[in-house]
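Visitor: Quick one: the structure is below, questions incoming.
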Amino acid sequence: MHIGILTMTFSLPGCGSLKEKRQRIGGMHERFGRTPTVAVCESGGHNQHDTSEWSFVVVANSKREVESQCSQIEDKIQRTVEGRVTEVTRELL
């Protein structure tokens, strides 16, 4: 069993409230948390309006599957989130 942690930091220019932040970045749990091999949480920037950090823990039978799943998550987020990705880190355990 292999485990990967994908952490993405977002800049949300012009975001004026936590409510607006949730609308712009929301849906992460619904989009990725339903997959049985992925756990999702907001891991940083909780009280900041213009920044957010999200972590995704991916579990799979092979390192290749973990890498593939992380790439799919990253690609989908790049296309769907109303903000700019400022940092991406991956850690394999």
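The values are calculated or read from the model by the stated rules, or taken from the named source; none is laboratory data. Just so it is clear, the model here is predicted, and its values are computed rather than measured. In this analysis, Cβ positions are derived from the backbone assuming ideal geometry, glycine residues included, and neighbour counts consider all displayed protein chains.
Visitor: If only one of Glu20, Glu42, Glu30 is under 18 Å from Thr89 (Cα atoms) and acidic (Asp, Glu), which one is it?
Guide: Sole residue among the options that is under 18 Å from Thr89 (Cα atoms) and acidic (Asp, Glu): Glu42.
Visitor: I need the full set of residues from the stretch 1-14 which are outside any strand (DSSP E or B) and in contact (Cβ under 8 Å) with a residue 40 or more places away in the chain, in order please.
Guide: Met1, Leu12, Pro13
Visitor: Does the stretch 24-31 contain at least one residue that is loosely packed, with under 14 Cβ neighbours inside 10 Å and at pLDDT 90 or above?
Guide: no
Visitor: Select from the stretch 45-69 the residues that are exposed (fewer than 14 other Cβ atoms within 10 Å of the Cβ) and under 30 Å from Ser17 (Cα atoms) and write down the one among them that is nearest to the chain's Cα centre (by Cα).
Guide: His46
Visitor: Let me ask something additional. Would you say Thr37 is surrounded by 12 or more Cβ atoms within 10 Å (Cβ to Cβ), touching a residue at least 12 places away in the same chain (Cβ under 8 Å) and under 19 Å from Arg79 (Cα atoms)?
Guide: Against the criterion (surrounded by 12 or more Cβ atoms within 10 Å (Cβ to Cβ), touching a residue at least 12 places away in the same chain (Cβ under 8 Å) and under 19 Å from Arg79 (Cα atoms)), Thr37 does not qualify.
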